[in-house]
Amino acid sequence: MNNLIELLKALWEIGILPALLILAMGWASERFTRNKKITALLDIAEHAVNWAEVTFDGGQTQKAQAIKMISDYLMKADKAHLFTANQIDEVIEWAVAKMKEAEK
């Protein structure tokens, strides 16, 4: 146990341990920020899918309008560069599945 404490103390003194802590904090911060962005996109997708379901007939028209609504919102919020078309498509599919699950 003393050897471990001495090793950690030595790593701290030469600066390796603080550098690793800074990297870990950066990684954790990036991960939480990304999760918040995805959560916001999921919320937008839920609203878009519900709106398209009420407003339009037909699955493809509804999906196209939901994609357009999400894209327009992201463009206005200057957040369009944060998400790919594939991610937008996936969150729409998730929102549709969630809506159908709620209907059961």
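The values are calculated or read from the model by the stated rules, or taken from the named source; none is laboratory data. None of the values given here were measured: they were computed from a predicted structure. Reconstructed Cβ throughout: ideal geometry from the backbone, glycine too, with neighbour counts over all protein chains shown. Protein only, heavy atoms only, side chains kept; ligands, DNA and RNA dropped before computing areas. Shrake-Rupley method; radii C 1.70, N 1.55, O 1.52, S 1.80 Å.
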(Q) Give me the one-decimal nm value for the distance between modelled label points at L4 and Q87, 7 Å along each residue's Cα-to-Cβ direction. (A) 3.9
**Q.** Estimated vicinal HN-Hα couplings, Hz - the range 10-19 in sequence order (Karplus 6.51, -1.76, 1.60; Gly, Pro = x)
**A.** 5, 5, 5, 5, 8, x, 6, 5, x, 5
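Would you mind calculating the gained length between A24 and I38 on full extension (0.36 nm times residue separation, minus the Cα-Cα distance), in nm to one decimal? Walk me through the intermediate numbers first.
Details: separation 14, 0.36 × 14 = 5.04 nm, distance 2.12 nm.
Gain on extension, A24 to I38, equals 2.9 nm.
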Q | the chain, Rg to Rh (Cα coordinates; Rh as Kirkwood inverse mean 1/r) | A | 1.33
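Apply 1/(1 + (r/R0)^6) to the Cβ-Cβ distance of Q60 and E103, taking R0 = 25 Å, and write down the FRET efficiency to the nearest 0.05.
Details: r = 20 Å, r/R0 = 0.80.
Working from the Cβ atoms, E equals 0.80.
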Q) Using θ = phi - 60° and the Karplus curve 6.51 cos²θ - 1.76 cosθ + 1.60, what whole-Hz ³J(HN,Hα) does each residue of the range 51-64 get, with Gly and Pro shown as x? A) 4, 5, 5, 6, 8, 10, 9, x, x, 5, 5, 4, 5, 4
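At a 1.4 Å probe, what is the % contribution of carbon and sulfur to the accessible area of the chain? Walk me through the numbers before you get to the answer.
Working: 4860 of 7930 Å².
It is 61 percent, rounded to a whole number.
What is the chain's relative contact order, in percent, from Cα pairs under 8 angstrom and six or more apart in sequence? Intermediate results must be reported in sequence, preceding the final value.
Values: 44 pairs, mean separation 27.6, N = 104.
Reported relative contact order: 27 percent.
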Q. Taking only protein heavy atoms and a 1.4 Å probe, what accessible area per residue, in Å², does the chain have with all protein chains in place?
A. 76
Q. Which trypsin sites (Lys or Arg not before Pro) in the range 7-84 pass both tests, a DSSP loop state and at most 16 other beta-carbon atoms within 10 Å?
A. K79
Q. Residues of the range 32-55 with amide nitrogen under 18 Å from the 7 Å Cα-to-Cβ point of W94?
A. 32-51
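Loop only per DSSP, at most 16 neighbouring Cβ atoms within 10 Å: give me the chymotrypsin sites (Phe, Trp or Tyr not before Pro) in the range 29-84, ordered by residue number.
Details: sites: F32, W51, F56, Y73, F83; in loops: F56, F83.
Of the chymotrypsin sites (Phe, Trp or Tyr not before Pro), the ones in loops of the range 29-84 whose Cβ has at most 16 other Cβ atoms within 10 Å are F56.
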Q.
Going Cα to Cα from K63, which lysines come in below 17 Å? Please leave out same-chain ones fewer than 8 positions away.
A. K98, K100
